[in-house]
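A.B. asks: Okay, handing you the structure first.
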Amino acid sequence: MGRTFQIIRVFPELTALENLLVVTTTPFVEARERALELLRFVKLERLAGEFAGNLSYGQQKLVEFVRVLMTDPELILLDEPAAGVNRTLLNELLSAVRTLRDAGKTVFLVEHDMKVVMGLCETVFVLDHGEKLIEGPPGLIQADERVIEAYFGR
């Protein structure tokens, strides 16, 4: 299992590449190759040598995301991946998540951006004040009167 946080937690004094290498016990040459492959996966390979603290917020989110992938988890938890990320970088992240999902990885997403949720998720759980209101496919969720009332009022 691997997870990201709503508030990013990169090591700003380390490069993007070093941020990935720090989580693995794999031999260096193999780990470096995997890290560079993951940076390519999210189109950040050109920033491998840049200090993470100099990257944009969205780029830092992508670094944190691929750092999670260094351990090849079967379950990936993403906490508010769209928060504060521009659409271009968000599209890179969502594309990567779709690729992982299609490869059989399980991705559990907590997100308030409904465009992201409805465009990415196969099953949606809606919570209202900590209680599960409904679960199901996006189309069912969008049409549910309880969801509409809980989130938009009458």
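A.B. asks: Simple spin-label model, 7 Å along Cα-to-Cβ: Lys43 to Phe152 in nm?
C.D. replies: So the label points at Lys43 and Phe152 sit 3.2 nm apart.
A.B. asks: On the principal axes of its Cα set, how long, how wide and how thick is the chain? Give whole Å, largest value first.
C.D. replies: Largest first, the chain extends 56, 30, 24 Å along its Cα principal axes.
A.B. asks: Here's something else I'd like to know. Roughly how far apart, in whole Å, are the Cα centres of region 18-59 and region 119-142?
C.D. replies: What the calculation gives is 34 Å, centre to centre.
A.B. asks: Shifting gears a bit: Suppose only helical runs count, i.e. DSSP H with n ≥ 4. What mean residue ellipticity at 222 nm does that imply for the chain under -39500 (n - 2.57) per run, divided by all residues and rounded to the nearest 500 deg cm²/dmol?
C.D. replies: Working: 7 runs with 70 residues, N = 154.
So the helix-based figure for the chain works out to -13500 deg cm²/dmol.
A.B. asks: How far is helix 87-102 tilted, in degrees, relative to the longest principal axis of the Cα atoms in the chain, given as a value from 0 to 90 rounded to the nearest 10?
C.D. replies: 90
A.B. asks: Rounded to whole Å and sorted largest first, what semi-axes of the equivalent ellipsoid does the C-alpha gyration tensor of region 1-85 yield via the square root of 5 times each eigenvalue?
C.D. replies: Working: eigenvalues 66, 50, 22 Å².
So the three semi-axes of region 1-85 are 18, 16, 10 Å.
A.B. asks: On a 0 to 90 degree scale, rounded to 10, what angle separates helix 28-41 from the longest Cα axis of the chain?
C.D. replies: For helix 28-41, the angle is close to 40 degrees.
A.B. asks: Right, something else. Positive end of the dipole of the chain, charges at C-beta (+1 Lys, Arg; -1 Asp, Glu), about the Cα centre: which of Leu55, Cys121, Val110 has its Cα farthest in that direction?
C.D. replies: Toward the positive end, the furthest listed residue is Leu55.
A.B. asks: If you take every DSSP beta bridge fully contained in region 2-121, what fraction is antiparallel? Give it as a percent rounded to 5.
C.D. replies: In region 2-121, DSSP labels about 10 percent of beta bridges as antiparallel.
A.B. asks: Here's another thing I want to ask about it. What is the fewest-to-most order of Thr4, Thr25, Thr71 by other Cβ atoms lying within 10 Å of their Cβ?
C.D. replies: Thr25, Thr71, Thr4
A.B. asks: Further, regarding this structure: Relative to the longest principal axis of the C-alpha atoms of the chain, give the angle of the C-alpha long axis of helix 57-69, reported between 0 and 90° and rounded to the nearest 10°.
C.D. replies: Once rounded, the angle reads 80 degrees.
Just so you know, all these numbers are worked out from the coordinates, no wet-lab data involved. Predicted model, so just to flag it, every value in this text is computed and none were measured. Cβ: placed from backbone, ideal geometry, glycine included. Neighbour counts: every protein chain shown.
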